[in-house]
Amino acid sequence: MTFPDLPGCISWGREVPQAIEAAQAALTLHLSGMRQDKLPLPPATPVSLCQEQEQVKDDEAIYIIYEA
């Protein structure tokens, strides 16, 4: 999985559940590192804009992981 707004933040998994779990871990680690380095967090690109820019291929999926 990739995070277009966070270059270098990538993960993978053999099955979807493992890929999602790895993505959550990668995202947490990446954002934690940015926070420690006092780097600003980029604004989130709307999903519709990612699709319009063809950043999402036909065989890919977009997962939005949100915990309240």
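Summary table below
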read-out: Taking all pairs of distinct alpha-carbon atoms in the stretch 1-47, Kirkwood radius in angstrom; value: 11.3 Å
read-out: Distant-in-sequence amide H partners of I10 (H built 1.01 Å from N, under 5 Å); value: none
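Readers should treat all values here as calculations from the given coordinates under stated rules, not as data from a laboratory. Bear in mind the structure is a predicted one, so any value in this text is a computation, not a measurement.
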